[in-house]
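In what follows, a single structure is set out as structure tokens and then discussed.
The values are calculated or read from the model by the stated rules, or taken from the named source; none is laboratory data. Computed from a predicted model, the values in this text were never measured in an experiment. Cβ atoms come from the backbone with ideal geometry, glycine included; neighbour counts cover every protein chain shown.
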Amino acid sequence: MLAIACGDDIVVVDSGLMFPEQEMLGVDLVIPDISWLLERTTHVRGIVLTHGHEDHIGALPYILPRLKVPVYGTALTLGLLRNKLREHRLIDSTELHTVAGGDVRTLGCFHVEWVHATHSIPDACALALRTPLGTIVHSGDFKVDATPVHGEPPDLARLARLGDEGVLLLLSDSTNAEQDGTTPSERSVGEGLTPLFASAPGRILMATFASNISRLQQAVWAAQASGRRCFIVGRSMLKNVSVAQELGFLEAPSSLFVSPKEHEAVPERELAILCTGAQGEPLSALSRIAAREHPMVTLRDGDTVVISANPIPGNEEAVHRTVNNLYRHGARVFNGARHRVHASGHASREELKLLLTLTRPRFFMPVHGEYRHLAVHAELARSVGIPLDHVLPVDNGAMVEIDGEGIHTTGHRAPAGYVYVDGLSIEEADDVVFRDRRQLAEDGVIIVVLTVERSTGAVVGGPDLVSRGFLD
């Protein structure tokens with residue numbers, strides 16, 4: 001989430017969630033702290049979205065009840081968001097505006113233009129926000145994909161024209177700032193999937209992100225080419241596939257898909273199972289299948305499993321545990337590390353340099369990555385000629401100002417801690433809470449139950465001991 005203020009007007013770019021780290025015991029989701037925005041609600045003109053991945057739209061169902069502002073996004077982005085809003089019974093109370101690449105909307109003193117981009121999900125955009133001081137370009141998540149699965153290549157010509165007109169500030173995706181060269185096209189994944197689907201002697205199980213529509217499209221094409229039908233496992237993936245089909249972002253005849261009741265009757269050589277769980281999430285479909293705990297899919301000797309993703313930092317242990325279980329039960333496993341079944345959706349160094357060269361910004365802020373990614377991206381910007389004092393990597397919560405003297409931090413910070421979704425509760429939590437949960441998990445708990453006469457204080461029943469986590 002990024003907030004940009006101009007005069008009395010504030011525009012928010014994206015509003016995503018993250019999944020809990022291993023030490024966040026009992027936490028379901030992590031969302032941004034919006035207390036700074038809540039203090040300025042009357043000045044927030046809207047939330048503008050770059051694309052439909054969870055880390056960019058996933059927090060909206062938890063934020064919109066408190067921050068009631070219009071939301072702007074492309075057709076697929078809002079299609080995926082509508083599913084979430086329906087689940088939270090917010091669809092009727094949320095103001096949604098559909099835009100496309102090239103569209104401009106006025107939000108206070110901002111004139112916001114969506115610029116067509118390519119990422120690992122279709123209908124992604126960069127943003128050009130014109131202000132009285134100058135134009136701010138936000139890259140969104142992007143890579144320069146000349147042969148995307150859906151739609152046209154990125155609108156580099158428009159970015160170049162923005163550069164000609166003058167860009168005050170560029171905010172650019174830093175995820176792959178350490179990766180040399182260029183990122184492979186999404187279509188290269190299809191070149192890896194097709195022979196795997198064709199040569200697998202039995203069932204194919206493929207795990208990927210539920211919102212990776214371009215990857216799912218290529219899996220569908222590979223299934224069709226190898227004479228397989230598709231069984232989709234995972235509620236979020238089912239919903240996303242339905243939305244993508246409805247909006248024309250996933251091409252597949254309805255006869256290609258089989259229902260839970262039908263899939264057992266399909267010969268193994270003619271079935272592809274598409275599921276969630278590429279990050280080893282404990283309750284995901286693939287993790288439960290690997291542990292032989294899934295109610296509909298039982299792993300069989302000779303199954304071929306494709307994990308079409310690389311582990312997100314912090315998820316390696318969970319992914320390795322899932323892979324070990326898959327091998328333990330006789331499956332063959334193909335993943336992004338050893339086979340051409342994954343391509344990043346983020347620009348590598350040469351593409352980042354291209355964006356810097358096209359837009360020629362006066363000031364540059366690397367965004368979207370760990371701090372080391374921001375620092376490396378900042379060095380890259382300096383290498384293409386942006387002056388040292390015009391480049392500013394910052395931590396979450398930093399308040400940055402551009403004025404006649406240049407770009408600098410103000411010395412103030414906005415609250416930027418984690419807000420935890422824990423069941424039905426949405427709360428901030430400090431280290432003490434997780435320390436206590438960790439201690440309970442490691443040491444167990446003993447509860448003493450007494451019945452006491454209120455008037456006299458005499459014990460009239462018990463004591464009874466209830467223990468959890470202790471060996472008998």
Condition check for residue 194: polar (S, T, N, Q) and farther than 27 Å from residue 382 by Cβ = yes
How many of the residues in region 318-339 are over 22 Å from the mean Cα position of the chain (by Cα) and either within 23 Å of residue 143 (Cβ to Cβ) or among the acidic types (Asp, Glu) (or both)?
-> 3
Criterion: among the aliphatic types (A, V, I, L, M) and not in a helix (DSSP H, G or I) - qualifying residue of 198, 223, 219, 210 = 210
Is at least one residue of region 320-334 touching a Leu at 6+ places or on another chain (Cβ under 8 Å), surrounded by 23 or more Cβ atoms within 10 Å (Cβ to Cβ), closer than 26 Å to residue 118 by Cβ and of a type in the set (A, V, I, L, M, F, W, C)?
-> no
Considering residues that are outside any helix (DSSP H, G or I) and either of a type outside the set (A, V, I, L, M, F, W, C) or free of Cβ contacts under 8 Å to residues at least 24 places away in the same chain (or both), the number found within region 388-402 is 7
Test residue 94 against the criterion of being surrounded by fewer than 21 Cβ atoms within 10 Å (Cβ to Cβ), under 23 Å from residue 18 (Cβ atoms), assigned by TED's automatic domain parsing to the domain that holds residue 128 and modelled with pLDDT of 95 or more, and give yes or no.
-> yes
Report yes if some residue within region 274-289 is surrounded by 13 or more Cβ atoms within 10 Å (Cβ to Cβ), under 26 Å from residue 229 (Cβ atoms), of a type in the set (Ser, Thr, Tyr) and free of Cβ contacts under 8 Å to residues at least 40 places away in the same chain; otherwise report no.
-> yes
Being under 21 Å from residue 192 (Cβ atoms) and modelled with pLDDT of 95 or more narrows 272, 252 down to just 272
Flag if residue 51 is assigned by TED's automatic domain parsing to the domain that holds residue 98, in a helix (DSSP H, G or I) and within 16 Å of the chain's Cα centre (by Cα) = no
Please enumerate the residues belonging to region 340-386 that are among the small types (Gly, Ala, Ser), buried (at least 18 other Cβ atoms within 10 Å of the Cβ) and over 22 Å from the mean Cα position of the chain (by Cα).
-> 378, 381
Just wondering, is there one or more residues in region 57-73 that are of a type in the set (D, E, K, R), within 21 Å of the chain's Cα centre (by Cα), surrounded by fewer than 21 Cβ atoms within 10 Å (Cβ to Cβ) and modelled with pLDDT under 95?
-> no
Among (1) in a loop (DSSP other than H, G, I, E, B); (2) within 18 Å of residue 128 (Cβ to Cβ), the one test that residue 89 misses | (2)
Taking residue 45 as the residue in question, decide whether it is closer than 19 Å to residue 415 by Cβ, among the basic types (Lys, Arg) and at pLDDT 95 or above.
-> no
What is the number of the single condition among (1) buried (at least 17 other Cβ atoms within 10 Å of the Cβ); (2) β-branched (Val, Ile, Thr); (3) over 25 Å from residue 284 (Cβ atoms) that residue 175 does not meet?
-> (3)
Out of 241, 233, 258, sole residue that is over 25 Å from residue 324 (Cα atoms) and buried (at least 22 other Cβ atoms within 10 Å of the Cβ) = 241
Do the conditions hold for residue 124, that is, is it in the same structural domain as residue 327 (by TED's automatic domain parsing) and either at positive phi or out of contact with any Asp or Glu (no Cβ under 6 Å at 6 or more places or on another chain) (or both)?
-> no
Listed by first then second residue, the pairs whose first member lies in region 350-373 and is touching a residue at least 24 places away in the same chain (Cβ under 8 Å), whose partner is of a type in the set (D, E, K, R) and assigned to a loop (DSSP other than H, G, I, E, B), with beta carbons under 8 Å and at least 6 positions apart or on separate chains, are 350/180; 368/141; 371/395; 372/178; 373/178
